Amino acid sequence: QVQLVESGGGLVQAGGSLKLSCAASGDTTSTYSMGWFRQPPGKEREFVAAISWTGANLYYADSVKGRFTISRGNAKNTVYLQMNSLKVEDTAVYYCVADVGVSRTYEFWSSWGQGTQVTVSP
């Protein structure tokens, strides 16, 4: 059980870049995976990316492969999402998630951040 806080969202022109950060606190004694979901306006939450405790296993949604990169900090209690070549369709609230395993379904993840808004203008 951890608490997650996202930061780094904002407004950017199409084709630009943003880097999101997520810091974990609380019970961080166990190893856990972390990841990102997003919810576009009027749409359901969707999987974006995830990373294992060691960073050896990476997972991406097809819609962001080649454009987004997920990584962990050296202390393993932070996760980043580097977003390049942003499209208008990437506009959404982005949520940081954490759990002992990995899944592409949002119901699986036990810890959620409050979300950070990313808006991409044409």
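Which semi-axes, in whole Å and largest first, does the equivalent ellipsoid of region 3-47 have when worked out from the alpha carbon gyration tensor as the square roots of 5 times its eigenvalues?
Semi-axes from the Cα gyration tensor: 25, 15, 9 Å.
Using the Kirkwood radius over C-alpha pairs as Rh, can you work out the diffusion coefficient of region 18-76 via Stokes-Einstein at 10 °C, viscosity 1.306 mPa s, in µm² per second?
124 µm²/s
Which whole-number percent gives the relative contact order of the chain, counting Cα pairs below 8 Å spaced six or more residues apart?
Over the chain, the number comes to 36 percent.
Taking the Cβ-Cβ separation of Val100 and Thr69 as r and a Förster radius of 22 Å, what is the calculated FRET efficiency to the nearest 0.05?
Efficiency computed from Cβ-Cβ geometry: 0.40.
Return the inverse of the average 1/r over all pairs of distinct C-alpha atoms in the chain, which is the Kirkwood hydrodynamic radius, in Å to one decimal.
It works out to 14.2 Å.
Just so you know, all these numbers are worked out from the coordinates, no wet-lab data involved. A quick note: this is a predicted structure, and the numbers were derived from the prediction, not measured. Neighbour counts are summed over all protein chains in view; Cβ atoms, including those assigned to glycine, are modelled from backbone coordinates with ideal geometry.
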